Amino acid sequence: MATPQRCERIVILGAGFGGLTTAVQLAKRLGKREGCEIVVVDKCTHHLYRPWLYEVATGNAPEERLKSGVATPYEDLRTHLSGLGVKVEYQEVIGVDWETKSVKLCDDRGLPFDHLVVALGASPDFYGIEGLEQHAVPMYSLQNALVVQRKLVHLVEQKRRNEIPFIRILIGGAGPTGVEFACEAAQFMKTQVRKKMLGASEYSIELVEASPRPLQALHPQLSAWAKTRLEKLGVKLLLDACIKGAHKDHVVLAPRPLKPGETMDMLVCDFKNENQKEVTTDLLVWCGGFRANPIMKNLGVTLNERGKIEVDDTMQVRNMPGAWAVGDCIALFDPSAKRPVPQLAQGAIHQAELAAENIVRAMRKDPLARYGFPAMHALVPMGGAWGVGEVFGIRFKGVWVWPVRLAADIRYFLRTLPLRSAWKLIRAPLTVFRRNNL
Ligand SMILES: Cc1cc2nc3c(=O)[nH]c(=O)nc-3n(C[C@H](O)[C@H](O)[C@H](O)COP(=O)(O)OP(=O)(O)OC[C@H]3O[C@@H](n4cnc5c(N)ncnc54)[C@H](O)[C@@H]3O)c2cc1C
């Protein structure tokens, strides 16, 4: 293979799973000696390790510890990436000027590029439901998790002082995010009961889901196990039900709309004979789905009808040589599974590795490699050292999920961090998870 001919600037937008992996892989592949400049732009100063976000939302640790030790286990991005020779800009991206090939930053500066990688992720989708964005806390960012944590602690304090009669937590969406959070919230409340901060019958956790089963995107066996576990933890499932509107202290629920050929009797919703039902809430957490990051509209790239960037299987943006995109912001169809590639960190990492490889190939004028659509694994921790999972078609539940999940965490840390920093983190989850186990 010939080496690249001239110094080229690669700008990576976003330092989440996709952006960070692209930057690290490019730095490893190109090395400093080839003179290529790699610049990462992110509006945040830390890489958010989302799979640990529930620990923040339901943790008892002081905020600083939570911020630096749990959800964002990396040092600030600039320190983390400087050792690899990658430059970092802490700035919000507001657009791209394709004529001058430069990224528009919110401080009015332009950042020129030869190759652009878009890895700006997604944002919570409130589906236009009345009052939802205003009254619910989505489980998405570190700030969201800290708001939930403060609110939980505050509610327990209020109950302890008898300022409120009961604590009612409602979670919207029983996908992996909603299910994991519901279980962690249940563990949190049980811990409060154990500490005699509140009585066992003084709170409720309800999980609303529009489908007839939790984890409906996963195998029905996993849903059945998850349902049993949720019930065991005292989480009430409201299935085949939708949130129609959210207000300061209550939500309006309704049986989900019928599909063609369905009758009301077919719904498992336990209030199916009521047109709608009002439920009081002290805390509404929204885990109902994600949509494209609204900034996509300003990037001047080809988007699908859902506002996601259309890429081909080399991770290049369609009809835009030199533009690449990975992660939650892309629309990529898996022909063998006959569905779009799901929005997962695992996918973002695979796509980022391929994008890094192909940028180097493009610079060397070598043929580009194609995405192999690797199998996605499902590992859903469900409170304490327990979970449900499916890896390479093998489904399992119980404590076995933890070592597999830990192995996935370790693999990621080792790929994106120097060995010493990775080791520090590898020890951290053991402590974190033990803390929440009952
Ligand atoms: C609570 C939760 C738990 C999850 N757990 C798992 C899990 O266990 N396993 C799994 O595979 N997936 C999990 N996911 C999904 C996973 O987090 C996403 O698929 C993954 O983060 C996508 O990576 P990304 O790089 O595309 O986007 P992100 O990781 O979201 O990164 C996007 C980056 O872009 C930055 N950014 C956004 N807009 C701008 C802008 N205008 N200017 C500058 N910077 C900007 C953001 O600050 C961020 O750093 C979870 C998701 C959630 C919400």
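The values are calculated or read from the model by the stated rules, or taken from the named source; none is laboratory data. Keep in mind it's a predicted model, so treat the numbers as computed, not measured. All Cβ positions, glycine included, derive from the backbone under ideal geometry; neighbour counts span all protein chains shown. Surface accessibility is based on the protein's heavy atoms, side chains included, excluding ligands, DNA and RNA. Shrake-Rupley method; radii C 1.70, N 1.55, O 1.52, S 1.80 Å.
Somewhere in the stretch 4-12, is a residue within 13 Å of the ligand (Cβ to nearest atom) and either modelled with pLDDT of 90 or more or open to solvent by less than 10 Å² (accessible area, probe 1.4 Å) (or both)? Within the stretch 4-12, one or more residues are within 13 Å of the ligand (Cβ to nearest atom) and either modelled with pLDDT of 90 or more or open to solvent by less than 10 Å² (accessible area, probe 1.4 Å) (or both). Considering (1) within 16 Å of the ligand (Cβ to nearest atom); (2) assigned to a loop (DSSP other than H, G, I, E, B), the lone condition that Glu274 does not fulfil carries the number (1). Looking only at residues in the stretch 86-103 that are open to solvent by 20 Å² or more (accessible area, probe 1.4 Å) and under 26 Å from the mean Cα position of the chain (by Cα), the one that is nearest to the ligand (Cβ to nearest atom) is Glu92. Those residues that are part of a loop (DSSP other than H, G, I, E, B), open to solvent by 10 Å² or more (accessible area, probe 1.4 Å) and either more than 24 Å from Asn144 (Cα to Cα) or touching a strand residue (DSSP E or B) at 6+ places or on another chain (Cβ under 7 Å) (or both), I need them from the stretch 14-42; list them, please. If the condition is that a residue be part of a loop (DSSP other than H, G, I, E, B), open to solvent by 10 Å² or more (accessible area, probe 1.4 Å) and either more than 24 Å from Asn144 (Cα to Cα) or touching a strand residue (DSSP E or B) at 6+ places or on another chain (Cβ under 7 Å) (or both), then Gly31, Gly35, Cys36 are the ones that fit. Within the stretch 323-338, the residues that satisfy the criterion of being assigned to a loop (DSSP other than H, G, I, E, B) and surrounded by fewer than 17 Cβ atoms within 10 Å (Cβ to Cβ) are Pro335, Ser336, Ala337, Lys338. Among the criteria (1) within 20 Å of the chain's Cα centre (by Cα); (2) assigned to a helix (DSSP H, G or I), the one Pro374 does not fulfil is (2). Just to be sure, is Val341 open to solvent by less than 30 Å² (accessible area, probe 1.4 Å), in contact (Cβ under 8 Å) with a residue 60 or more places away in the chain and on the phi < 0 side of the Ramachandran plot? No. Tell me yes or no: at least one residue of the stretch 325-332 is without any contact (Cβ under 8 Å) to a residue 24 or more places away in the chain and more than 16 Å from Leu13 (Cβ to Cβ). So far as the stretch 325-332 goes, no, none of its residues is without any contact (Cβ under 8 Å) to a residue 24 or more places away in the chain and more than 16 Å from Leu13 (Cβ to Cβ).
Assess whether Val380 counts as being more than 16 Å from the ligand (Cβ to nearest atom) and open to solvent by less than 10 Å² (accessible area, probe 1.4 Å). Spelling it out, it is not the case that Val380 is more than 16 Å from the ligand (Cβ to nearest atom) and open to solvent by less than 10 Å² (accessible area, probe 1.4 Å). Once the stretch 265-317 is narrowed to residues that are under 21 Å from Val341 (Cβ atoms) and of a type in the set (Lys, Arg), the residue that is most open to solvent (accessible area, probe 1.4 Å) is Arg306.
Does Gly261 satisfy the condition of being open to solvent by 50 Å² or more (accessible area, probe 1.4 Å) and on the phi > 0 side of the Ramachandran plot? Lay out the reasoning, then the answer.
Values: open to solvent by 50 Å² or more (accessible area, probe 1.4 Å): yes; on the phi > 0 side of the Ramachandran plot: yes.
In short, yes.
Of everything listed in (1) within 14 Å of the ligand (Cβ to nearest atom); (2) at pLDDT 95 or above, the single unmet condition for Ala71 is (2). At least 1 residues being at pLDDT below 95 is the threshold, and among the helices (runs of 4 or more DSSP H) wholly inside the stretch 97-206 those reaching it are 142-160, 176-194. For residues in the stretch 132-147 being open to solvent by less than 20 Å² (accessible area, probe 1.4 Å) and more than 16 Å from the chain's Cα centre (by Cα), which is nearest to Leu283 (Cα to Cα)? Among residues in the stretch 132-147 that are open to solvent by less than 20 Å² (accessible area, probe 1.4 Å) and more than 16 Å from the chain's Cα centre (by Cα), the one nearest to Leu283 (Cα to Cα) is Ala136. The residues in the stretch 183-225 that are among the small types (Gly, Ala, Ser), farther than 22 Å from Val279 by Cβ and open to solvent by less than 40 Å² (accessible area, probe 1.4 Å) can be counted, and the count is 1.
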